[in-house]
Amino acid sequence: MRFIFTAILSLLCSVTHANQWHSIDTATWLVSPPKSARYIQENQAIIAGKHCAAIINAHGDFVALERMINTAKQKLQVPVCYLVSTSADTQQVIGMAMLQRAFPTAKWYAGQAIFDNFLHYQQALDDKIALHRKSLTLSAKRLTQVDDEQQIQKHIYIAKQRLNDWQKLSLNTPKVLPKHSQIALKLGSQRVILHAVEAFSSADISVFNPANGAYIGGNSVDALPEVRHKYVSRWLKHLNDLKADNKISWLLPAHGKPYKKEALELPITFIKALDKGVSNEEVQQSLSSKYGDYDEQTKLRLMYYYQLAQRRIAASKQDNDDVVL
């Protein structure tokens, strides 16, 4: 019963996944989940110029997105002109429906593969809402016998109102950034450079801010990479190219804290081991030392991610449900 009640609460408030806002400078905010949710909810960034702002990334926690949108509207003194998806991850893409509705005049930039598989994402959005509604219906029936029924019914009513609102969501097609191309978006007092790359997915887009040397790379620069495909050699090349780029000062991954460019050695070591087919025993020794300063949760995930990537590479399968390749 406690599990069912928790499931309903996840539709209502996402208390444990509340947004955390970090001001980097007068024009840049990072929006991140709490530590407990850093592997299941992606970081976002907002860059504002004199004339308009860009919001980079979305995720699948719609309640947290609603709160982020409300806070952004309070903080921003300029309209949002651009939305950017940093990968083809399904949850990141369908979360854009929330941002598109909140900022209807903003242009959404995404990779070619997202455009080519657009119906897949629209269906995934519909399926997500339908699953939430089914879960709520089942939970509501089972919760009628609890002691605090009046309070539960109040929560159920709020959840139904929220789902009715989400039912109206839809994705509008993005403005495509073709593979290996780049474009500069003018925000007024500054500009950001979008670059289409292939690393975590074939529809990755990085965002570079020349004003502060920030490289917002999403999943492709996660310190602990989640590999979903076999094309690790091109991912490794991408990371090495970033390491050699003197214009980059620091990076924002999809998961975890921002880090200085020197720390790129962590994902490089991880991907390089996969590319060379290094055994689990060797990886346990070499990578454990590289990730020595990280907490126990990250260290536990280290070998799990590595072994999972090995299985995916060995099977030579494409995980089209989450990443378009």
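Just so you know, all these numbers are worked out from the coordinates, no wet-lab data involved. The model shown is predicted, which means the values in this text are computed figures rather than measured ones. Virtual Cβ from ideal backbone geometry, glycine too; neighbours counted across all protein chains shown.
Students often check this: by mean Cβ neighbours within 10 Å, which of 98-106, 156-164 ranks highest, and how do the rest follow? Mind showing how you got there, number by number?
On the way: 98-106: 17.6, 156-164: 15.3.
Taking the mean over residues of other Cβ atoms within 10 Å, the ranking is 98-106, 156-164.
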Checklist entry - Taking neighbour counts of Cβ atoms within 10 Å as a proxy for exposure, in what order, fewest first, do TRP250, TRP108, TRP235 appear? => result TRP250, TRP108, TRP235
Checklist entry - By counting other Cβ atoms within 10 Å of each Cβ, how are ARG234, ARG228 ranked from fewest to most? => result ARG234, ARG228
Item to check | At R0 = 30 Å, FRET efficiency that the Cβ-Cβ distance of ASN280 and ILE193 yields, to 0.05 | outcome: 0.15
Checklist outcome for this item: Note to self, the chain gives a 222 nm [θ] from helices alone (DSSP H runs n ≥ 4, -39500 (n - 2.57) apiece, / all residues, nearest 500) of -13500 deg cm²/dmol
Item to check | Positive-end extreme of charge dipole, the chain - chosen from ALA254, TRP235, LEU194 (charges on Cβ) | outcome: LEU194
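Just want the ordering: THR298, THR26, from fewest to most Cβ atoms lying within 10 Å of their own Cβ.
Details: THR298 17, THR26 7.
In order of increasing Cβ crowding within 10 Å: THR26, THR298.
Just the number, please: percent antiparallel of the DSSP beta bridges in the chain, rounded to the nearest 5. Could you put the intermediate results ahead of the total?
On the way: 28 of 42 bridges.
Antiparallel: roughly 65 percent of the beta bridges in the chain.
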Next on the checklist: Report the Rg/Rh value for segment 208-325, based on alpha-carbon coordinates and the Kirkwood definition of Rh.
Outcome noted: 0.96
